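To start, the structure itself, in structure tokens.
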Amino acid sequence: MSVLGIELRRSAAAGAALLAVAVGVAALYLAPGRWSEGWMSLTLAVKEYLLLLWPVALAAGAWQGRREHRAKVGELFATTPRSRARRMIPVLVAMGAALGLAFLLVLGAGGVRIASTAAYFPPDVVAITLVGAFSLVAAAWLGLGVGRLLPALVTAPVLAVAGVLLVFFTAIMRPEWMGAILSPAYGSSTFYPFQTIDPRVTAALAIFLGGLALTGVLLLVAHGPRTSVAAVLPVLLGFGVAAALVPRDEATLVAPIDPVARELVCTDDAPKVCVTRVNANVLDTLTPLARQGLAALAKMPNAPTQAHEDTRAYLIGDVPVRDGDTVTIDVRIDDHGGLAHPDAVVPEMVFGLGTGYGGPDCERNGAVERAAAYHLLGREPVSDVGVIPEMIEEDPQLNAEAVTLWRDLQKLPAPEALSRVTAVRDAILTCQDPTGLLSR
């Protein structure tokens with residue numbers, strides 16, 4: 001323990017860990033909205049930032065690996081009865097423990113922020129976190145081996161650049177299953193709140209990283225060229241075993257879904273409002289807004305009577321299923337884990353007149369739909385800019401046309417105006433062009 005303590009104080013372990021924590025926490029808090037939805041979003045964000053942390057661990061290991069060469073004590077240590085493998089154990093433990101702990105500290109720094117708002121803790125988070133921490137251990141050990149084999153001053157910075165390129169390009173390489181094995185950051189880009197990583201993908205990555213770590217250890221303790229060449233065998237074996245284990249199905253690799261996170265949590269009273277389990281913390285805030293939207297839609301006959309969060313994954317053929325009794329809601333989470341853009345909830349519910357979005361071949365008329373929606377809302381149409389979060393610009397003629405149609409509706413008797421709005425809704429449901437239905 002005293003030797004290990006000396007290594008922690010005098011080696012690059014502590015400095016590398018502090019640098020990794022600083023880089024990771026800074027990257028997290030530059031964009032908290034990317035991971036404020038919950039524990040899985042946070043875990044995937046930290047895993048994605050391995051693009052920055054992995055090169056830090058790799059370069060730190062390489063810098064530490066050239067220590068004996070830098071101090072010119074290699075021949076002196078070779079005369080001692082203690083084997084090189086035993087002498088390297090404190091270095092391996094110090095570097096591995098410090099950088100593995102750094103990963104956990106980065107995750108903990110984000111967890112402090114979402115602990116009070118995250119409503120669901122997916123079990124997969126534990127395995128993904130442990131493998132993420134182990135990836136930094138493997139990077140540090142590989143760096144130690146390469147640094148000892150190539151003890152040049154430029155080895156560490158070159159490895160840092162190579163590490164960035166390796167993590168990035170392997171994460172996007174084809175075929176997908178190969179990227180899942182080779183990149184510690186694979187599968188970390190978040191597309192929907194109930195996203196996860198398949199346990200087989202996590203296991204395959206852990207096996208490959210184990211081979212990579214063992215290769216680094218063998219390079220660090222190698223006595224000659226033959227041992228150095230033989231050191232590549234563990235990483236090749238690890239890749240082979242991982243390739244046999246990793247799934248080949250594109251949906252499993254690209255768009256895995258946590259079914260528990262996707263489950264709906266609903267209000268006890270009517271009209272029913274439901275959100276996915278991962279966003280259950282915003283149900284109380286969303287419910288009165290969703291019921292306002294349902295009340296506006298209820299002016300039409302056969303209107304939806306309940307509102308659900310949209311549970312589509314938007315990837316790999318997850319086509320929408322229409323339910324005339326239900327209107328879907330896009331739930332957005334703000335930087336602090338609460339409901340983002342609450343002013344957009346009611347307009348977005350009513351804009352589609354309770355029908356959802358049509359298929360790619362459906363005829364749509366934005367001005368007609370907007371005029372009909374604002375008639376139900378009881379106010380004059382306004383531009384979507386500033387109302388819909390994703391809308392940053394639009395054709396001003398579109399809203400001007402909607403205002404004209406809306407004003408013409410106000411001149412009609414209420415039953416006739418509602419009949420025309422209902423006709424627009426029915427046209428959308430049957431994928432027909434609603435042009436002219438308000439001004440017939």
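Tell me the accessible surface of residue 380 in square angstrom (1.4 angstrom probe, heavy atoms of protein chains only), to the nearest ten.
Ignoring ligands and nucleic acids, residue 380 comes out at about 80 Å².
Find how much the distance from residue 335 to residue 31 grows on full extension, using 0.36 nm per residue of separation minus their present alpha carbon separation; answer in nm with one decimal. Don't jump to the answer; show the numbers that get you there.
Values: separation 304, 0.36 × 304 = 109.44 nm, distance 0.82 nm.
Here the segment from residue 335 to residue 31 would lengthen by 108.6 nm.
What is the Cα centroid distance between segment 218-245 and segment 4-20, reported in whole angstrom?
Segment 218-245 and segment 4-20 have Cα centres separated by 27 Å.
Could you compute how much accessible surface residue 232 exposes when probed at 1.4 Å, giving the result in Å² to the nearest 10?
Using a 1.4 Å probe on the heavy atoms, I get roughly 70 Å².
Residues with amide H under 5 Å of residue 309's amide H, sequence separation 5 or more or different chain, H placed in the peptide plane at 1.01 Å from N; which?
For residue 309, whose amide H was placed from the backbone, the distant partners under 5 Å are 274, 275, 276, 329.
Under the rule a/c < 1.5 gives rounded, and otherwise a/b versus b/c splits prolate from oblate, where does segment 157-213 land using the Cα gyration tensor?
The shape class here is oblate.
Pull out the extension gain between residue 312 and residue 299, defined as 0.36 nm times the separation in residues minus the alpha carbon to alpha carbon distance; nm, one decimal.
1.9 nm
Grab the beta carbon distance between residue 172 and residue 233, set R0 = 22 Å, and tell me the FRET efficiency rounded to 0.05.
E between residue 172 and residue 233, to the nearest 0.05, is 0.20.
Karplus couplings for segment 30-46 from phi (6.51 cos²θ - 1.76 cosθ + 1.60, θ = phi - 60°), rounded to Hz, Gly and Pro as x?
6, 9, x, x, 6, 9, 6, 5, x, 5, 5, 4, 5, 4, 5, 5, 5
Amide H neighbours of residue 12 under 5 Å, counting only residues 5+ apart in sequence or on other chains, H built in-plane at 1.01 Å?
Here nothing satisfies the definition.
What FRET efficiency would be calculated for the residue pair residue 130, residue 260, taking the C-beta separation as r and a Förster radius of 25 Å, to the nearest 0.05?
E(calc), rounded to 0.05, equals 0.80.
Sticking with the crude label model, points 7 Å out along Cα→Cβ, report the distance from residue 325 to residue 292 in nm, one decimal please.
With each label point 7 Å from Cα toward Cβ, the separation is 2.7 nm.
Express in nm, to one decimal, how much length is gained between residue 226 and residue 411 on full extension, taking 0.36 nm for each residue of separation and deducting their alpha carbon distance.
Full extension from residue 226 to residue 411 adds 57.5 nm.
Please list 89, 257 from largest to smallest accessible area, probe radius 1.4 Å, with all protein chains kept in place.
From most exposed to least exposed: 89, 257.
On a 0 to 90° scale, report how tilted helix 396-410 is relative to the longest principal axis of the chain, with both axes built from alpha carbons and the result rounded to the nearest 10.
Once rounded, the angle reads 40 degrees.
Any idea how far the Cα center of segment 23-37 sits from the one of segment 127-188, in Å?
Centre-to-centre (Cα) distance: 21 Å.
Just to verify a number: FRET efficiency for residue 93 and residue 164, C-beta to C-beta distance, R0 = 25 Å, to 0.05?
E(calc), rounded to 0.05, equals 0.40.
So which residue, out of 38, 324, 210, gets the largest mean-square fluctuation from a GNM of the chain using Cα contacts under 10 Å as springs?
Of 38, 324, 210, the most mobile in the Gaussian network model is 324.
Please find, in a Gaussian network model of the chain (springs between Cα atoms separated by less than 10 Å), the residue of 414, 204, 60 whose mean-square fluctuation is greatest.
Highest fluctuation among the options: 414.
When the helices in the chain are scored as -39500 (n - 2.57) per DSSP H run of 4 or longer and the sum is shared across all residues, what 222 nm value do you end up with, to the nearest 500 deg cm²/dmol?
-19000 deg cm²/dmol
To check you understand DSSP bridge types, tell me what percent of the beta bridges within the chain (both residues inside) are antiparallel, rounded to 5. List each step's numbers first, then the result.
Details: 5 of 12 bridges.
Around 40 percent antiparallel, to the nearest 5.
Determine the share of the chain's accessible area contributed by carbon and sulfur atoms, expressed in whole percent, with a 1.4 angstrom probe.
That share works out to 64 percent.
Once both axes come from the Cα atoms, what is the angle between helix 366-377 and the longest principal axis of the chain, in degrees from 0 to 90, rounded to 10?
70 degrees
Quick one: among 148, 420, 66, which has the greatest mean-square fluctuation in a GNM of the chain with alpha-carbon springs under 10 angstrom?
420
Can you tell me the accessible area per residue over segment 155-270, all protein chains present, probe 1.4 angstrom, in square angstrom?
On the way: 5340 Å² over 116 residues.
Counting only protein heavy atoms, the per-residue value for segment 155-270 is 46 Å².
The values are calculated or read from the model by the stated rules, or taken from the named source; none is laboratory data. Keep in mind that what you see is a predicted model, and the values were worked out from it rather than measured. Here Cβ is always computed from backbone atoms with ideal geometry, including for glycine, and neighbour counts include all displayed protein chains. Surface accessibility is based on the protein's heavy atoms, side chains included, excluding ligands, DNA and RNA. Shrake-Rupley method; radii C 1.70, N 1.55, O 1.52, S 1.80 Å.
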